[in-house]
Structures are given as C-alpha cells and as structure tokens.
Amino acid sequence: MGRLLATPGALRLLERYQISVLALLSRHVRGDWGELCAEDQQANALALQQGLRLLSSYPLSREEGGQTVSATLWVITEADRASTTVLLPSEY
C-alpha cells in the first residue's frame, strides 16, 4: 500500500460517520473494493496482474435528524504502490 494518505475532507467525513480509516484500508487490501461498476471491477482485476492503479469506492450512510445522509469515500493505490490515498470523489 505504500505511504498512507488521507485528504482533510476524507478525515472529516470519517469522523462524522465514526468510521475507522483502518477499516476501509483493510477492505481495500483484501480486494473488497466496495461498490464499483463492472468496468472498474475489471480494471482492478487487471491492475492486480499488471501493477496498475487500484480503486475502491465505499458508500457511507447514517441517520441525522430523522434523515439518511449519504456520502462516498474513495481509496486509491497508485500503480507503483508507493502510496494509497483516502479521499472524497470531489477531491480527485
């Protein structure tokens, strides 16, 4: 996984949803890439064989004031495996 990084927005979201960054990283490392379309799943399978970038997408939800609030976090491991970053899709 290389160097572990997280953007300020991702850290705020993890705190708000009370989710451990280690829990997400553990899923990512095990190949549980969350909710990806078929094309992204195929890209990850190829990435494992050819040393390309890996992407995970984890939807989050919680109840706030009687309403469900949803968000998504991405985890990206670079092709050279030098770093893995947790970020919001809007921060990409």
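What to note about this one:
- Antiparallel DSSP beta bridges within the chain, percent to nearest 5: 75 percent
- Intensity falloff of the chain expressed as log10 I(q)/I(0), Debye formula with alpha-carbon point scatterers, at q = 0.11, 0.26 Å⁻¹: -0.31, -1.44
- Structure-based [θ]222 nm, the chain - -39500 (n - 2.57) summed over DSSP H runs of at least 4, per residue, nearest 500: -10500 deg cm²/dmol
- Alpha-carbon centroids, region 5-20 and region 47-84: separation in whole Å: 12 Å
- Size of charge dipole - region 3-91 - debye, nearest 20, with Cβ of Lys, Arg +1 and Asp, Glu -1, no other charges: 260 debye
- Each of Thr72, Thr85, Thr77 was scored by other Cβ atoms within 10 Å of its Cβ. Arranged with the fewest first, they read Thr72, Thr85, Thr77.
- The order of Arg3, Arg27, going from fewest to most other C-beta atoms within 10 Å of their C-beta, is Arg3, Arg27.
Every number in this text was worked out from the coordinates using simple rules, so none of it is lab data. Here the structure is a predicted model, which means the values were calculated and not measured. Here the Cβ is made from the backbone with ideal geometry for all residues, glycine too, and neighbour counts use every protein chain on show.
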